[in-house]
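A short reminder: the numbers here are calculations on the coordinates, not readings from a lab. Every value quoted in this text rests on a predicted model; they were computed, and no experiment measured them. Every residue, glycine among them, receives a Cβ derived from its backbone with ideal geometry; neighbour counts consider all protein chains shown.
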Amino acid sequence: MFDFFEQKLTAFGLDLSDISLKVAQLKSDGRGLALANYGRQEIPRGVIEGGAIKKVDELVNVIKKGVLSVNGLPINTKYCVVSLPETESFIRVAQLPKMKLDELSKAVRWEVESQIPLPIDQVYFDWQIVEPVRASPDHYDIVIGALSRSLVDPYLEVLKEAGLKPLVFEIESVATSRALIENEFISSPVMIIDIGARRTSFIIFAGRTIHFTASLSISNEYLVKEIARQLDVSLERAKELKFEVGLDKEREKGRVFKSLLPSMNEIVGQIGNYIDFYQTHGLGGHFETKNVSKIFLCGGGANLNGLPSFLSDALNLSVEVGNPWVNILKASPESIPELPYDQSISYTTVLGLALRGARMSENEPC
């Protein structure tokens, strides 16, 4: 959402968090897009804390190593599309009366000043008119994204020091939605739940844009630690139990299930709260219903055994693990991507970034 350069060159996706760096690049094979390379690099604790860079030199080295040690074809460009922490970003959908574009730009600036909890000179912001699902004669729906300059500027300098040229800084939820929503359009609202290492993010997407985001401290790492603590096993064994046993009440005498149940109940409660808030406050004028029709799961925690069925039963909603290849690979591909499908769900955000990078290289609108 935040364009620093005008060049529309091939770019790879770069997803940074407190604990890891993920990289992915796509290529055109004549029939469509395919995975060119991917990689993951651990970031030592203390290098990034709460999204803020604490150790510049160490992060520069991690980025250089991560870009050089990808699986697949070598990365052949310095240009990248980069995600920044969801907790340090702001995304809103506003309804504004129809007016001339120069007047609309001023109205959006006023909306940013009134809605974003930072002085406008301390943020980068971008906006676009959302193409309506149904004709709206009296107003525009405007999606507005903003990132703190104090967050963006240090990342920009670190990436430059690592020899890279970021074309775009993008909010995580935007990239995640791009990867999971087929053709980036859905006629009725859906929720995306991204269970990451340090937090779980919730996104409600309807039509062609995000309408709601929130986050919760319960995370993949937290769930593993709960299993390890309550069953008195190592973290490695806890990871295995999460994947192999998870929410299956019949296995391991139900001990793993019981260790996870309080966290699962809290997640279910929050999902209900978020859906209620959206249905009460969301902008749903273009849709036949505000009811959330489905939940897509992604992130490393989505591999918790039994999670889709548990959430489906608790919420009376369709729940499934999302497909991060839905806008990349055509149906029935002749070759399986190098990145195994069961692992690719933890690469959802970076695949969404790579998808934008590929579209930029083809001079398509981004």
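When +1 charges are put on Lys and Arg Cβ atoms and -1 charges on Asp and Glu Cβ atoms, the dipole computed for the chain relative to its Cα centre reaches about 380 debye. Helical runs (DSSP H, four residues minimum) scored at -39500 (n - 2.57) apiece and divided by the length of the chain put the mean residue ellipticity at 222 nm at -11000 deg cm²/dmol. Take the convex hull of the alpha carbons in the chain; its mean projected area over all directions comes to 18.9 nm². Within the chain, DSSP assigns beta bridges of which about 70% are antiparallel (rounded to the nearest 5). Electrostatic bookkeeping for Glu103 treats Lys and Arg as +1 and Asp and Glu as -1; over the other residues with beta carbon under 13 Å from its beta carbon, the sum is +2. Each label point was placed 7 Å from the Cα along the Cα-to-Cβ direction; for Asp57 and Phe277 their separation is 4.2 nm.
With Rg and the Kirkwood Rh both taken from Cα atoms, where does Rg over Rh land for the stretch 182-321?
When Rh is taken as the Kirkwood radius, the ratio is 1.02.
For the stretch 164-212 versus the stretch 110-162, the inter-centroid distance based on Cα atoms is 15 Å. Among the listed pairs Lys100/Lys294; Lys27/Lys64; Lys22/Lys290; Lys55/Lys165; Lys54/Lys106; Lys55/Lys78, those whose Cα-Cα separation exceeds 26 Å are Lys100/Lys294; Lys22/Lys290; Lys54/Lys106. Residue-normalised convex hull volume from the C-alpha trace of the stretch 1-140: 166 Å³ per residue. Extending 7 Å from the Cα toward the beta-carbon at both Lys100 and Leu118 defines two label points whose distance is 3.2 nm. With a Förster radius of 35 Å, plug the Cβ-Cβ distance of Ser150 and Gln128 into 1/(1 + (r/R0)^6) and report the FRET value to the nearest 0.05. Working from the Cβ atoms, E equals 0.90.
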